[in-house]
Every structure is written in structure tokens, then in C-alpha cells.
1. What are the aspartates and glutamates whose alpha-carbon lies under 18 Å from the alpha-carbon of C:Lys355, with same-chain residues fewer than 8 places away excluded?
2. Stretched out fully, how many nm does the piece from C:Ala307 to C:Met199 gain, at 0.36 nm a residue minus the Cα gap?
3. Please compute the modelled spin-label separation between B:His3 and C:Met18, points set 7 Å along Cα→Cβ, answer in nm with one decimal.
4. Could you work out, for the protein assembly as shown, what percent of all Cα-Cα pairs fall into each 10 Å distance bin, beginning at 0 Å and stopping at the bin that holds the largest distance?
5. Report the label-to-label distance for C:Phe300 and C:Phe81 in nanometres (one decimal), using points 7 Å from each Cα along the Cα→Cβ vector.
6. How many partner chain Cβ atoms sit within 10 Å of a residue's Cβ in peptide C:168-174, on average, as a whole number?
7. If you rank C:Arg345, B:Arg53 by fewest surrounding Cβ atoms within 10 Å, what's the result?
8. Count charges around A:Leu60 for me, please; just the other residues with Cβ under 13 Å from its Cβ, Lys/Arg as +1, Asp/Glu as -1.
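Laboratory data are not the source of any read-out in this text; all were calculated from the coordinates shown. Fair warning: this is a prediction, and the values are worked out from it, not measured in the lab. Heads up, the Cβs are rebuilt from the backbone with ideal geometry, glycines too, and the neighbour counts pull from every protein chain shown.
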Amino acid sequence: MDASVILFYVISVLLVLSSLMVVFLRNVVHCALALVVALFLIAILFVMLHAPMVGVLQVLVYAGAIMVLFLFVIMFLNPTASEPRRKLWWGFGSAAALLLAASLAALLSNGEAPADPVTATETFGSPETLAKSLFTDFVLPFEITSVLLLVAIIGAVVLAKREP
Amino acid sequence: MDHPYFPLLILFTLAGAVVLGLLFVAQKVGPKSPNPVKAEPFESGNPPRGDARIRFSVRFYLVAMLFLIFDLEVVFLYPWAILFRQLGLFGLIEMGIFLGILLIGFVYVWKKGALEWD
Amino acid sequence: MIVDIGIVAVKAFLVLFMVLNLAGILGWIERKGSALIQDRIGANRASVFGFAGMGLINTLIADPLKFLTKEDFVPPEGDKFLHTLAPCMTLFTALVTFAVIPFGDVLVLGERVINLQVANLNIGILYVFAIGSLGVYGIVIGAWASNNKFSLMGAVRGSAQMISYEVAMGLSVIGILMVFGTLELQEIARGQGTLIRDMLPESAGFLRSTVGRLPAWGIFLQPLAFLLFFTAAVAETKRIPFDLPEAESELVAGYHVEYSGGKFLMFFAGEFAEIVTAAGLMTTLFFGGWQVPYLMRDGFHFPWGEAVVLPHLAVTALQVGAFTLKVIFFCWLQILLRWSVPRFRYDQVMRLGWKMLLPLALLNVIVTAIVIIALQ
């Protein structure tokens, strides 16, 4: 076995473990940190797939920004660290997970998986390539993103500034 | 081994060893003498009052949310910056529209007083 | 192949060694500097067998030893695991960010060409920002695990401040990235080896013969960006005048109130390692990195026509030396700042970050774009 394949399995096992920890740990802060670890591991997977730009943005945006907001909300707003068990949500969650697993199984058993998934070249996921396609082929989606962000800004201010 | 990220693996291992080594030595060398007064949370010598996990002003969450949005804006600027010489005037107009729309949001935040701390 | 791994390991070890030692030396300089400015004798107690003259060396060894032999206190009502994890995260992220900063050009040893940089990544500076953005966790988790009001207040202030200035910091370097058209720090450092003359059109004769003789360092091309970056970097390291997270007159010691011994040492070393990394970034982005003005790969080429030929090893030694000196200068500048300016108020910190740095950085990007188009 190739070194990168071994690394892939190590990372994947850790990823599955940390994802399970997000779900099963009792302390909400621990869960959030497990999610940070999971997101970081996904970034490593991106890097191994020759997509370093996506990988680093994964860390910068998800682990470094979105999860900070999560931690803010958890730590400074909710004093009860552990949440009580809720039967209804468990049932709903399990059903959704089973549905997802079934559809994934159907998808994966149907088509033939390529023998060597990593066929992309060195420059495939480089910043230059990504920039070229984003700013020439996908100009409209890029501009629409700004409208989305504008709505998010207004939403944040309206929610936070609401009089009690 | 030729992978450009391979050196990072080595650096992470070495840095991890430094961190864990320090932690290990500190655990082994440092004395342990617990007592009930030392165990109290430090509050300038007074007996601690109430829960330590106090609530904070909503402004801090607002800052975190605004950070998230503006951070995303900057993320779009990185790939644009390195390609700018090739894009030329088209790139300037393209990013001008993007930043212009976000500027409306920034002015809105400013006028609403969301950036004020009083 | 073993040799390749060995070279990488040596480079990684050298960088860690340099960052950690520089961090230790900075701890001493800070105390000695404060003594100097406050007109007293300081940091003279560490001595081996009554020999205190080697204050620096002794302090370098005595400091960590003292921290390590103190009790490592864990608040019983806090979270033991997270309390341990937080300083580890702070130190680890501070140590690994230096990886992409080049400390020299290439070193040619026989057949082998060694790039004097731990990892040459095509995402370059984004790696620094990504790892740096994880630094927030160290203080937030540490404070939360301490179960102390002061810690939590310090962490809320600190994290809000760090994320606010992260935006301004990211925006301020965009101009530099536009000028050099790359994210790779080694390429940015190489790009600063040319003269400004080469970037100007033929028609700008007067400019070419005056300003054009300067090396194309970031500070000359993007002076505003440097000011913004410097301010944001100081705010990111949470030092005076931005030390509100640990303001001792308000919050005792902020997020590390409940830390002692080895774990406090880790926070302490992490903070100084961040200063070193910030200095390395300032050097690489704005002050030519390892470039010595007019020094090319084969020796000096002055703009007035003279040339001095130097052997490869001498050139490399000059470059690494220049990089080290510049880094030390910017470390010293940050330390000096601490004893020169008073602490901001929190509303001032937030106003500076959001209402001044952010719009100015955006303006810098737009102006840079227009100038580049005009010169094309």
C-alpha cells in the first residue's frame, strides 16, 4: 500500500471518530471542539486531493470563523453545559441518517467507482486555477454571493439590535 | 515524500513533541500541594460570588457575525488579487460591483450604530 | 530519499529552535527594556554561582526552569482536559505558522538545491492566516475551562478583538498580493529583489531615475498597507496598546488568571512566538524578506553601474543574516511599543478596527487596482 493511501485511511478513521464525538459527547463545548477537529481533518483530505485552496479556506472559514461564532454562542449565552436527552430528536435523527445511508448505498453500488480517484494534476486545485474559473466562468454566481452576504449583514444587525 | 505538504507533517510532529514535552516535564517536576483556599476561583481575594459563566452583551455576538461575513468577503479577494493582472479592467469592474454591494451593507451597519460601543 | 527527509527535518528543527529561542530572548529584552525606560536595574537576579553578568543566557535558562518547577494548578471546578488543551493549542499554532516564511533564497550544495523555507506551499500566506485563525481557540477554551469570571471576560474581549483585526489584517495584504500576483511568500520575497524602475512605464522618465532606483520592497509600493498590517498584527498578538484581554488593572491577568507553572509558560512562549511570526511576516511582505538591496544571486549590482561579485555561500549568508536582522528589528519595535504607548479603551479598539482600518484597507485595495490598470 502507498503512503498516501495509508494516510487517507488514518485520516478517515479519525474523521469518523471525531464526527461521532460531535454527536455523542455530553458537554456541548466538547462537541463543538470535536467538530473543529473534524473540519480540520476534512481540510487535510482536500489537500491530499490536490485541492489545497479549498482545504485552507475550509480551515479559514469553517474552523476559524464559523466555529468561533458557534463557540461564542455556546460558551457565553448558554450556561447549562450539558443538554438533556430528547427522545423525539433521536428518532428523527436516526431516521434521517438511515435514509441518507440508504441513498448513499444505492448510489455507490450502482455506478463503478474509479480505481484511482486521485487523477487530478498538481495544478488542478491551485489558487490560480480556482481564481480563473471563479472570475471568468462563474461571474454571475460570484456577484450574487455579494447579495447573499448583504442580506446576512442586514439580518445580523436586525436580530442583534431588536429591542427586548 | 515529494508532496509539498510533507514538510508540514514533520514540522507538526516536531512542534507537537515540543508542546507535549513541556507538558510532561511540567507535570513531573512541579510540586503538588492543593488546599481549599487555592481551589477557589480567584476574585481578588473575595469569596467568589455566583456562577462564573456570566452572560455577555449581545454586541459580542454581533461582532462575531459581522466578522464571519467580512471574512468571507476577504476570502473572495485573495484569488481575485493574484489573478488581477490578467483580468485587468474587467476584474476591477467585477470586484467593484461585488465590493459596492457589500459597501451598502457596511454603511447600513455603520448608520445603525452596530459598530458603536458605549 | 533519507537525505531529503533529513534536510526537511533540519530546516523544521532550525525554524522551531530559532522561534523558541528568539521568544525567550524577547522575554528578557522586554524586562531589560522596561528597566531601561523606567530608569532602574532590571532582570539581574538570575545568576549561576553568583555570576550574573551573563544575564541573557542565565535568564534564558532560568526562566523556563522556574516556570517548570512551580506548581501546575488546575481549578477543580473547571474542565481539566480543556484547561490542559488550551495552552497546548496556543503554543502549537504559534510555533507552526512560521513554516511558510522563507528565511533565505536557495542554497546550492553540489547537485542539491535547497529552498530555504520549511514548506513552499502555493497557498502561502493563506496558511498563516488559517493557522492564525485557530489561535482564538486557545484563549476562549482556556478561559472557559478555568471557571473564573475574569478569565471569561478577558476571553470575550480577546476573541472579539482578534476576530475584528483578522479582517483588517487579511484586507491589508491584498494590495501586496495584487502587486506580486502570487500567494507564495518565497515568490513575494523574490519579487522584491527587482527595482521599482522595472515596474514603471518608459514614459515616466523622471520617476524612473529617482524613485525607480529604490528596491521594489512592499513598504515603498504599499506604505499604507504596512501601517494597517502592523497595527492589526500588534492587535492580534494582544499586546499593549491592545492588551485589553489581560489588562492587569481591570482583569488581573485576563484569560490566564488560573494558569501557573508549565501551562503559563506555554501561553507566555506562545505570545512571544506570535511576535516573532508577526515580525517575520512584516519582513517578508514589506521589507524584502531575505533581500539585501541591490544584492543579486552573483553579487551586488548597484543602479549606478558598479558591481561586486560574491561567491554563492557569501550571498546566502548575507541574505539569511539580513532576514534575521530585520526580524529582530521588528520584534524590538513591537517590544518598544509596549513601553511607549498607553492602553486603549475597548470602544477605541473596536472603532479603530472596524471604522478606520477596515475602510482604509478597502480603499487601499481599490487604489492599488486603479494604479495597476493605469500602469499597464
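1. B:Asp71, B:Glu73, B:Glu116, B:Asp118, C:Glu166, C:Glu236, C:Asp347
2. Working: separation 108, 0.36 × 108 = 38.88 nm, distance 2.20 nm.
Gain in length upon complete extension: 36.7 nm.
3. Between C:Met18 and B:His3, the simple spin-label model gives 2.6 nm.
4. Going out from 0 Å in 10 Å bins, the protein assembly as shown shows 3, 14, 24, 27, 20, 9, 3, 0, 0 percent.
5. Inter-label distance under the simple model: 6.1 nm.
6. Numbers: counts 2, 1, 8, 5, 1, 4, 7.
Shielding by partners across C:168-174 averages 4.
7. Numbers: C:Arg345 11, B:Arg53 17.
So the ranking, lowest neighbour count to highest, is C:Arg345, B:Arg53.
8. Charge balance in the 13 Å sphere: -3.
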